[in-house]
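To start, the structure under review is shown below, and the notes come after it.
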Amino acid sequence: MGWNYAAWIQVSEGNVPVTAIVKTTTRLKFAGAIFAESNCWSMLKGGLTVDESGPAELYFEVLPIVLQSS
């Protein structure tokens, strides 16, 4: 079964990696990634094939950014 999705994403600070993940009843499946920039809308658009039936949920993961001062 194939799925398509599109999302507009905006972050409050920096240049942040955002990953789309689909969670099924048995696993997590990578569905795409972008670097979202502050003060700018970024589109994350993709598709995937799932080889099982049942419910699924789409999540967006934002990894924490560690800022270092010099």
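The values are calculated or read from the model by the stated rules, or taken from the named source; none is laboratory data. Owing to the predicted nature of the structure, the values given are computational and were not obtained by experimental measurement. Every residue, glycine as well, gets a Cβ built from its backbone with ideal geometry; the counts of neighbours run over all protein chains shown. These accessible areas exclude ligands, DNA and RNA; they are computed on the full protein's heavy atoms, side chains included. Shrake-Rupley method; radii C 1.70, N 1.55, O 1.52, S 1.80 Å.
Note on the stretch 7-31: residues that are touching a residue at least 24 places away in the same chain (Cβ under 8 Å) and in a strand (DSSP E or B) amount to 13.
Remark: pairs (first residue in the stretch 51-62, farther than 15 Å from Thr26 by Cβ; second residue of a type in the set (S, T, N, Q); Cβ separation under 9 Å; 6+ apart in sequence or on different chains) = Tyr59/Thr19; Phe60/Thr19; Glu61/Thr19; Val62/Thr19. The set of residues from the stretch 6-32 being open to solvent by 60 Å² or more (accessible area, probe 1.4 Å) and within 17 Å of Val62 (Cβ to Cβ) comprises Trp8, Gln10, Ser12, Glu13, Asn15, Lys23, Leu28, Phe30.
Across the stretch 34-70, what is the total count of residues that are assigned to a loop (DSSP other than H, G, I, E, B), modelled with pLDDT under 90 and not aliphatic (A, V, I, L, M)? Even if it seems obvious, please write down each step before you answer.
Looking only at the stretch 34-70, we keep the residues that are assigned to a loop (DSSP other than H, G, I, E, B), and these are 39-41, 50-56, 63-70.
If we keep only those that are modelled with pLDDT under 90 as well, we get 39, 50-56, 63-70.
Filter once more, keeping what is not aliphatic (A, V, I, L, M): 39, 51-55, 64, 68-70.
So the answer is 10.
For Trp3, state whether it is open to solvent by 60 Å² or more (accessible area, probe 1.4 Å) and at pLDDT 90 or above. No; evaluated as a whole, the condition is false for this residue.
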